[in-house]
Amino acid sequence: MKEAVTAPATPPPPPAPGADRYLALDFANSLLTNPGGEVDLLGTPESASRWLAERELAPADGRLYEPCTDRLRALRGPVRALLAARVDALVPPWQALAAVNAALTEAPSAALLGWDEERGLHRTPAHPSEEILAHALAVLAADAADLLTGPDAELLAACGSPPCTRFLLRTHGARHWCSTRCGDRVRAARAYAKRTQAKAAAKSAQHP
Ligand SMILES: [Zn+2]
């Protein structure tokens, strides 16, 4: 397997449109391809723990270990496969459906109701780290299922700016790219192609 770099040379672009509303979209996009190469935001237990904590899917002081990080990444492939199949209107791979269903049924996605003196009543993820992970996987799987079966599924798109591999919701009708950076890259490539074509045309006009 290709080793993904964990410390991107260029910082990752801001979240793709829709990733703020769908954790599953954000999760799918945690594996991204910058022009500099592949970046995995879940590449190490530390970065994966941070990613979950930032999305309140795990306590801030929680730490994943390697096997749990592997399990988290193992759900991402199926989620990406299901999003891609939906975008291209293809039959979803049954293995991807099975993986999402396994995550859905392994743990209740509901945060428990807890009480302590400091916070009073509050929602809290179930504890031991295994359970925290199972809970996070169930939430991500449930969110993927909601996205894929809800009205926003129609808006789902893959970024049209290679080598980018992020998904987005086309919140503006004409949106094709996940970020300004990706749009600029396509425009720059088009301008370059135009200039090269113009040059080639001028050359063949000089030397018919
Ligand atoms: Zn993009």
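The values are calculated or read from the model by the stated rules, or taken from the named source; none is laboratory data. This one's a predicted model, so the numbers in the text were calculated from it and none came from an experiment. Backbone-built Cβ (ideal geometry, glycine too); neighbour counts: all protein chains shown.
A compact table of results
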| item | result |
| --- | --- |
| Filter result for the condition that a residue is loosely packed, with under 14 Cβ neighbours inside 10 Å and modelled with pLDDT of 90 or more, over 98, 84, 9, 48 | 98 |
| Unique residue being in a strand (DSSP E or B) and either under 18 Å from residue 58 (Cα atoms) or touching a helix residue (DSSP H, G or I) at 6+ places or on another chain (Cβ under 7 Å) (or both) when the list is 145, 157, 153 | 157 |
| Residue among 160, 183 that is free of Cβ contacts under 8 Å to residues at least 60 places away in the same chain, under 19 Å from residue 30 (Cα atoms) and within 16 Å of the ligand (Cβ to nearest atom) | 160 |
| Sole exception among (1) modelled with pLDDT of 90 or more; (2) away from the ligand (no atom under 16 Å from the Cβ) for residue 132, by number | (1) |
| Answer from 166, 170 - the residue that is in contact (Cβ under 8 Å) with a residue 40 or more places away in the chain and within 9 Å of the ligand (Cβ to nearest atom) | 166 |
| Exclusive hit being away from the ligand (no atom under 16 Å from the Cβ) and touching a residue at least 24 places away in the same chain (Cβ under 8 Å), set 50, 80, 73 | 73 |
| Of all residues making up the range 70-102, the number that are over 17 Å from the mean Cα position of the chain (by Cα) and among the small types (Gly, Ala, Ser) | 3 |
| Checklist (1) out of contact with any strand residue (DSSP E or B) (no Cβ under 7 Å at 6 or more places or on another chain); (2) buried (at least 17 other Cβ atoms within 10 Å of the Cβ) applied to residue 172, failing item | (2) |
| Selection count, the range 173-208, where residues are over 16 Å from residue 33 (Cα atoms), in a helix (DSSP H, G or I) and hydrophobic (A, V, I, L, M, F, W, C) | 9 |
